[in-house]
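For reference, the structure discussed in these notes is given below.
The values are calculated or read from the model by the stated rules, or taken from the named source; none is laboratory data. Everything quoted here is computed from the prediction, not taken from an experiment. Glycine also receives a Cβ, built like all others from the backbone with ideal geometry; neighbour counts cover every protein chain displayed. Accessible surface is based on the protein model in full, side chains and every heavy atom, while ligands, DNA and RNA are left aside. Shrake-Rupley method; radii C 1.70, N 1.55, O 1.52, S 1.80 Å.
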Amino acid sequence: MDTVIGAPGAHATSGERALRAMPGGVNSGQRQLPGLEGLVVVGAKGATFTDERGRDYVDYHMAFGPQLLGHADPDVDGAFTDTARRIDLVGVAVTDVEIELAEKLVATIPSMEQVLLTTSGSEATFHAIRLARAVTGRRYLIKFQGCFHGWHDAVAMNVISRPERVGHKDPISMGILPEVLDATLVCRFNDLDDTRAAFEAHPDQVAAIIVEPIPHNVGALLPQPGFLAGLRALCDEFGALLVFDEVITGFRHGLAGFEAVAGVRPDLSARGKAMANGYPIGALGGRADLMSRFSSRPGGDVLFAGTYNGHAATAAAALATIAKIEREPVLDHVFHLGEQARRGLSDAFERIGVPAVVTGYGSVFCAYFLDGPVVSYDDLLRNDADLYVGYRLESMSHGIFELPMNLKRSHISYAHEESQVSQLVEQAARSVRAVLDRRARDEARH
Ligand SMILES: Cc1ncc(COP(=O)(O)O)c(C=O)c1O
């Protein structure tokens, strides 16, 4: 018999209603985690969100990163609403707002000679890969263990892998054709020799490298000096395209993206998340000779389509987000608070004698519980996952929200304040202590 949650007609909680109507009660994998059962969010403003019981949480998850300005930024929401009142979706030709946004992106991001808009980051990386295969006529794609590039088949593998799966194909979904898995080669991040070996094992067959310049999907693996430039050189040597997936790093780490920080120019790059402060948008841009192969241009032989691409109101939200980052000290503020969080957590864990590597970049931070160094994904296998998740659950019960999932990073927004970051740090130390004390008591009992 099927499991029935709550008798029909009985007074079901919102969480129970969610579970009846949706598998798992949520709309994306990783939104439902142990400890979050029954959490129903009814409001989000600035640095906090509110659940249906009226509890406020200072939010360091920020929806996996989009709200660089904070939840429901009035300038962005105003631009969205004003535009939505003027024009919804026409689905033919182009709107004035799309032109303005495309021009802005091209003017701001050095590698983007031309750009196309999507509604998500996955669509942007999907089209990058299809285009790379089309222009090179080659089959293989190189990705790195620990990177995530969206839900589509070519890249849905080898993100947070169990130890025994590292070094093997590790799909994160059933239903992917073996041929597709076979066509993606997985290399070790920060390891140019491994990447070269993949090229040499498949001469003239690698279409592209796709890489998160900082693999934030496993916290923050920082690229070692020369690694990203080394990938550029390998692509040039072997005739492949270099694709930067800047869905997280774009805008959050700098208006021009991490390419400007690293001084490395990709052939193509993807944007999403922080681009419109939470409104659904993505972008793929790069060399004009490549981009002009898309079917948005008459005669273009690489299909590019999507009913909602370039939606005027979300494009207006993106323009307002970019304008605010340019106008106000957004990046200074979030970088300053990010540094406060990293330094504070590092000192706090040292004080209580817990081995930790606190890392991140700009507004992103995470604390691994392990002895360093951290160079590549295999180092993260040493992380004390129970402590990582456990302290976050403990902090949640004190109104501070970091996603309680192993290796997930935290984000600071323009709406966060120094005093909140101080509280985060103090509570994190107390939470870690509480988890370790509980563990010691459990061990003493057994
Ligand atoms: C680096 C990176 N690329 C691509 C994606 C996919 O973006 P979206 O969820 O908007 O499809 C994500 C999502 O988390 C991501 O982190």
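Structural remarks
- Residue selected from the range 122-146 under the condition of a type in the set (Lys, Arg) and open to solvent by less than 60 Å² (accessible area, probe 1.4 Å), by the criterion farthest from Leu242 (Cα to Cα): Arg138
- A single member of Ala21, Ala63 is surrounded by fewer than 19 Cβ atoms within 10 Å (Cβ to Cβ), at pLDDT 95 or above, within 16 Å of the ligand (Cβ to nearest atom) and not basic (Lys, Arg), and it is Ala63.
- First in the range 38-50 and under 16 Å from Leu424 (Cα atoms), second anywhere and open to solvent by 40 Å² or more (accessible area, probe 1.4 Å) and of a type in the set (Val, Ile, Thr), Cβ under 6 Å, 6 or more apart: Phe49/Val41
- Some residue of the range 390-409 being closer than 30 Å to Glu103 by Cβ and in a loop (DSSP other than H, G, I, E, B): no
- Any pair with Cβ under 8 angstrom, 6 or more apart, that starts in the range 375-395 at a residue that is over 21 Å from Ser431 (Cβ atoms) and ends at one that is open to solvent by less than 20 Å² (accessible area, probe 1.4 Å) and part of a helix (DSSP H, G or I): Tyr377/Val218
- Residue in the range 126-144 that is within 14 Å of the ligand (Cβ to nearest atom) and among the polar types (S, T, N, Q) present: no
- If the condition is being open to solvent by 10 Å² or more (accessible area, probe 1.4 Å) and small (Gly, Ala, Ser), then the range 255-269 contributes Ala256, Ala260, Ala262, Gly263.
- Among (1) open to solvent by 40 Å² or more (accessible area, probe 1.4 Å); (2) part of a loop (DSSP other than H, G, I, E, B); (3) under 28 Å from Glu328 (Cβ atoms); (4) out of contact with any helix residue (DSSP H, G or I) (no Cβ under 8 Å at 6 or more places or on another chain), the one test that Tyr414 misses: (4)
- Helices (runs of 4 or more DSSP H) completely within the range 301-389 that count 3 or more residues being open to solvent by 20 Å² or more (accessible area, probe 1.4 Å): 312-327, 330-351
- Check on Phe251, in contact (Cβ under 8 Å) with a residue 24 or more places away in the chain, on the phi > 0 side of the Ramachandran plot and either out of contact with any Phe, Trp or Tyr (no Cβ under 8 Å at 6 or more places or on another chain) or not basic (Lys, Arg) (or both): yes
- Test: residue in the range 434-442 that is open to solvent by less than 10 Å² (accessible area, probe 1.4 Å) and not in a loop (DSSP other than H, G, I, E, B): no
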